[in-house]
Amino acid sequence: MKAEEFGKYLRELRKKNNMTLRQLSLYSNVSHPYLSQLENGKKAIPSANVLKKISKGLKVSHELLMQKAGYIDTDTETEKRFNELINDPQTDLMFKDWDKMNEEQREEALQMLKFILYKGENDS
């Protein structure tokens with residue numbers, strides 16, 4: 001993804017959270033001018049550390065921003081199997097309390113599922 005596209009994506013996430021740039025700056029501990037330049041495509045895609053700060057400010061997973069930034073390949077077999085699993089109606093019971101979980105609990109659950117899928121993929 002190019003810097004311009006990534007910047008637009010960040011702006012969309014921020015607006016979905018009804019945040020101003022100043023609020024995101026406060027919540028993420030990333031400077032307001034830098035965030036503005038990112039959103040306008042004037043800065044290159046940030047490092048993983050900066051993405052982690054921004055993800056906390058936006059309350060989205062670090063992994064999601066890493067994927068959108070191009071640091072993580074989303075076309076792996078594990079990702080495909082994971083997406084099939086979470087979208088399968090038969091696994092609905094597994095996710096019945098999903099809405100009751102906080103962001104940290106959801107992230108842990110997703111990481112456990114991905115680990116299980118990755119382990120199974122690499123055990124064969």
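Below are the figures for this structure:
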| item | result |
| --- | --- |
| Close pairs (8 angstrom Cβ cut-off, 6 or more residues apart or separate chains): outside any helix (DSSP H, G or I) in region 97-111, surrounded by 10 or more Cβ atoms within 10 Å (Cβ to Cβ) anywhere | Met101/Ala109 |
| From the options Ser55, Ser36, Ser31, residue that is of a type in the set (Gly, Ala, Ser), modelled with pLDDT of 90 or more, surrounded by fewer than 15 Cβ atoms within 10 Å (Cβ to Cβ) and outside the structural domain of Ala109 (by TED's automatic domain parsing) | Ser31 |
| Evaluation of Glu12 against (1) surrounded by 12 or more Cβ atoms within 10 Å (Cβ to Cβ); (2) within 14 Å of the chain's Cα centre (by Cα) (one fails), failing number | (1) |
| Of all residues making up region 39-52, the number that are assigned to a helix (DSSP H, G or I) and exposed (fewer than 12 other Cβ atoms within 10 Å of the Cβ) | 1 |
| From Glu63, Glu103, Glu108, residue being surrounded by 11 or more Cβ atoms within 10 Å (Cβ to Cβ), at pLDDT 75 or above, within 12 Å of the chain's Cα centre (by Cα) and outside the structural domain of Arg22 (by TED's automatic domain parsing) | Glu103 |
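The values are calculated or read from the model by the stated rules, or taken from the named source; none is laboratory data. All values reported here derive from a predicted model rather than from experimental measurement. Note: ideal-geometry Cβ built from the backbone for every residue, glycine included; neighbour counts use all protein chains shown.
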